[in-house]
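Novice: Have a look at this one.
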Amino acid sequence: MSNQRVTFGSKLGVILATVGCAVGLGNIWRFPYMLGSNGGAAFLLVYLLCILLLGLPVMITEFFIGRHSHRNAAGAFKIMAPGTKWSIIGYNGVLAAFLILGFYSVVSGWTLEYIMQAFSGSLIGKSAADFKAEFTNFSSDALRPIIWTFVFIAMTHIIIVSGVKKGIERASKVMMPLLFLILIALCIRSVTLPNAGEGLTFLFKPDFSKITSSVVLSAMGQAFFSLSIGMGCLITYASYFKQDTNLQTTALQVTILDTLVAVLAGVMIFPAVFSFGIAPTAGPELVFITLPNVFEQLPMGWLWSAVFFILLALAALTSTISLHEVATAYVHEEYNVSRKRAAWFVSAGVLVFGVISSLSFGLLKEYTIGGMIFFDALDYLTAKIMLPLGGMLICIFVGTRIDRKILKAELTNEGTIPFLFFNTYAFFMKYIAPVAIGLIFLNESGLIHRIIELF
Ligand code: PFF
């Protein structure tokens, strides 16, 4: 199909950009608090299973769709199944990217505020109660977080309009290695604290009685969110891969690196949290209230805080560009407008969602959807519904509509590289992944119990 399309320049560029898309707030902010409030190591175990059994096959499948069609998330389905309704999967993805970016850029903006606070010395000499009060005051403020959200969207916008190679690839090549260095330095600091072992036990020693259906659904949602699957982000990135990119090893490398960063984030956070006798179950505020409080008690604490929030901002930025790219590529290609214009359109739309998400912590707190503030509703709708559903439909689409020979040819670069476990992969993609995702949904919604009662 179209060979004119822009591609990433090098193999390293492909890996770093795609890992950049996967590694983000999901690994360093969301994963630790989900693990902390969902049973610790038991959650980790279920999470790893979801990554391996569901995440990896869906990722390979998304790579197939992207590179085979060379189109954006929605256009890909129009090319591969013209005149059918399958492109709904793509629209679901583009919409999910938009919605995720709406609340994601708010949290990304918070990281900038904390970097400023760390450097200005205002995190020094505060008590745990002060950190909590400050965070609540800041996040519910009607202006400051919105300014930071705006700044973050502007940074994302600048990278996106610079293009795939000069913007996304170049930024990822600088930011990702830096992110790994900072993460490792923070891990070393954390595990050398007194009593660090308790945190590591919490992270790695599972208590099987903690595994419930809600833990399983949360772990699956987290796996999808963290790997950026189910919404077309990987379809869009894979559409920029070259014909000789090895889709299988790329998927494996991205999955391993993303999981490594999540586990290292746990290693960085839990020993520190336990060492200072703080509860690991704080929820979304874990890294914004608990961690500054932990750092504050270390020598040169402000510096550790600054370094940590820079890490968080870098991780967030490589992901916001990927989310932005999903929507920009869609508008650019499907409506035939220039890339620059498409990016403006997306940035403006995201800003509206960002402002509403941010205000839902303060001014708009009373307006809830299903008992959740707007910010939480977006998180719930995307991570627990749209991404898993998207993943399930992607598998059903490829499993039922695509000729196995075409699938195999693309995944083996026309037979030039082997795919040792192709049949296992195809079986998981076609049967296990959709059925597992469907069952977890039914279970969580209580439907399974009703069906069992009927018999
Ligand atoms: N995977 C990103 C993270 O873990 O923060 C979030 C994300 C980015 C989700 C891109 C979906 C996506 F398409």
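Listed here are the residues, each with its yes/no results for (1) over 20 Å from the mean Cα position of the chain (by Cα); (2) more than 30 Å from residue 78 (Cα to Cα).
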| position | (1), (2) |
| --- | --- |
| 152 | no, yes |
| 161 | yes, no |
| 170 | yes, yes |
| 183 | no, yes |
| 186 | yes, yes |
| 193 | yes, yes |
| 209 | yes, yes |
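Novice: Within the stretch 315-330, is there a residue that is more than 16 Å from the ligand (Cβ to nearest atom), farther than 23 Å from residue 116 by Cβ and either part of a loop (DSSP other than H, G, I, E, B) or not small (Gly, Ala, Ser) (or both)?
Specialist: Of the stretch 315-330, the ones more than 16 Å from the ligand (Cβ to nearest atom) are none.
Scanning the stretch 315-330, I find no residue that is more than 16 Å from the ligand (Cβ to nearest atom), farther than 23 Å from residue 116 by Cβ and either part of a loop (DSSP other than H, G, I, E, B) or not small (Gly, Ala, Ser) (or both), so the answer is no.
Novice: I've got another one for you. Only one of these conditions is not met by residue 205: (1) surrounded by 17 or more Cβ atoms within 10 Å (Cβ to Cβ); (2) away from the ligand (no atom under 11 Å from the Cβ). Which number is it?
Specialist: With (1) surrounded by 17 or more Cβ atoms within 10 Å (Cβ to Cβ); (2) away from the ligand (no atom under 11 Å from the Cβ) applied to residue 205, the lone miss is (1).
Novice: Another question, then. Inside the stretch 1-45, can you point out the residues that are assigned to a helix (DSSP H, G or I), over 28 Å from residue 273 (Cα atoms) and of a type in the set (A, V, I, L, M)?
Specialist: Correct list: 12, 14, 15, 16, 17.
Novice: Something else: How many of the residues making up the stretch 225-246 are of a type outside the set (Gly, Ala, Ser), surrounded by 24 or more Cβ atoms within 10 Å (Cβ to Cβ) and more than 8 Å from the ligand (Cβ to nearest atom)?
Specialist: Quick first cut of the stretch 225-246, residues of a type outside the set (Gly, Ala, Ser) only: 225, 227, 229, 231, 233-237, 240-246.
From what's left, surrounded by 24 or more Cβ atoms within 10 Å (Cβ to Cβ): 225, 227, 229, 231, 233-237, 240.
Then drop every residue that is not more than 8 Å from the ligand (Cβ to nearest atom), which leaves 235-237, 240.
Counting residues in the stretch 225-246 that are of a type outside the set (Gly, Ala, Ser), surrounded by 24 or more Cβ atoms within 10 Å (Cβ to Cβ) and more than 8 Å from the ligand (Cβ to nearest atom) gives 4.
Novice: Read through the list (1) away from the ligand (no atom under 14 Å from the Cβ); (2) within 21 Å of residue 73 (Cβ to Cβ); (3) outside any loop (DSSP other than H, G, I, E, B), then give the number of the only condition that residue 249 fails.
Specialist: (2)
Novice: Here is a list: 56, 45, 52. Which entry is of a type outside the set (Val, Ile, Thr), within 15 Å of the chain's Cα centre (by Cα) and closer than 30 Å to residue 214 by Cβ?
Specialist: On the way: 45 fails: within 15 Å of the chain's Cα centre (by Cα); 52 fails: within 15 Å of the chain's Cα centre (by Cα).
Just a single option satisfies the conditions, and that option is 56.
The rows are residues; the columns are (1) part of a helix (DSSP H, G or I); (2) at pLDDT below 95.
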{"site": "109", "(1), (2)": "yes, no"}
{"site": "119", "(1), (2)": "yes, yes"}
{"site": "125", "(1), (2)": "no, yes"}
{"site": "134", "(1), (2)": "yes, yes"}
{"site": "142", "(1), (2)": "no, yes"}
{"site": "160", "(1), (2)": "yes, yes"}
{"site": "171", "(1), (2)": "yes, yes"}
{"site": "175", "(1), (2)": "yes, yes"}
{"site": "179", "(1), (2)": "yes, yes"}
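Novice: With the requirement that a residue be among the hydrophobic types (A, V, I, L, M, F, W, C) and either within 15 Å of residue 279 (Cα to Cα) or modelled with pLDDT of 90 or more (or both), what does the stretch 192-204 give you?
Specialist: Quick first cut of the stretch 192-204, residues among the hydrophobic types (A, V, I, L, M, F, W, C) only: 193, 196, 200, 202-204.
Across the stretch 192-204, the qualifying residues are 196, 200, 202, 203, 204.
Novice: I would also like to ask the following. Given the structure, is residue 21 of a type in the set (A, V, I, L, M, F, W, C), touching a residue at least 40 places away in the same chain (Cβ under 8 Å) and within 17 Å of residue 235 (Cα to Cα)?
Specialist: Details: of a type in the set (A, V, I, L, M, F, W, C): yes; touching a residue at least 40 places away in the same chain (Cβ under 8 Å): yes; within 17 Å of residue 235 (Cα to Cα): yes.
Yes, satisfied.
The values are calculated or read from the model by the stated rules, or taken from the named source; none is laboratory data. Note that the coordinates shown come from a computational prediction; the quantities given were computed from them, not determined experimentally. We place every Cβ from the backbone using ideal geometry, glycine too, and count neighbours over all the protein chains shown.
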